[in-house]
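Participant: One structure coming up, written as structure tokens, with questions to follow.
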Amino acid sequence: MIQNKIKKILVPLDGSKNSLRGFDDAIYFARQCQATIIGLHVISVPTSMILKKRKLESGSKKSAELLMESAKTKAARHGVQLSYKIIRGGDPGFDIVRYSKDHKVDLIVIGARGLGAIKEAFLGSVSNYVLHKAKVPVLIVK
């Protein structure tokens, strides 16, 4: 049975409606499989912002921590354990796939489109990248 194989679910969260819907689905699956959730937030810092990076990261990290703590509380209300990680990176799709490999997750649940400025016709560039590069099942939530 597949539910016996899913023990760690990775959910990239950026605060977008799609990522929050994905999180709701991840809670459902985690409850069904007795799995844990890892929330991941990637602070993307453009290279042009190197000099202002510390100030930018400080504000971004605070808002990311608020988002993740809220997610942790919501998961706990549903009887699901959530741990989270906030990382800095230049390419969220690559960073999500690398994190999934390094931490041996069993499933990635990701929103179809996040908060990125560039949007593709049907899928966001990050979810599209994750779908094609991840070595584990990926659930894309619209």
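Participant: Using 28 Å as the Cα-Cα cut-off, could you pick out the over-long pairs in K85/K133; K5/K85; K62/K133?
Facilitator: Values: K85/K133 21 Å; K5/K85 23 Å; K62/K133 30 Å.
From the list (K85/K133; K5/K85; K62/K133), the Cα-Cα distance tops 28 Å for K62/K133.
Participant: Give the order of F94, F23 when sorted by the count of other beta carbons within 10 angstrom, beginning with the fewest. Intermediate values should be presented prior to the final figure.
Facilitator: On the way: F94 15, F23 25.
With the fewest neighbours first, F94, F23 line up as F94, F23.
Participant: Based on other C-beta atoms within 10 Å, arrange K133, K142 from fewest to most.
Facilitator: Numbers: K133 15, K142 12.
Listed from fewest to most nearby Cβ atoms, that is K142, K133.
Participant: Let me ask something else. What residues qualify as long-range amide H neighbours of V141, i.e. H under 5 Å apart, gap of 5 or more or another chain, H built at 1.01 Å from N?
Facilitator: I110, G111, A112
Every read-out reported here was derived from the displayed coordinates using simple, explicitly stated rules and does not represent laboratory data. Because the structure is predicted, anything quoted here is derived from the model rather than measured. Cβ sites come from the backbone with ideal geometry, for glycine too, and all protein chains shown count toward neighbours.
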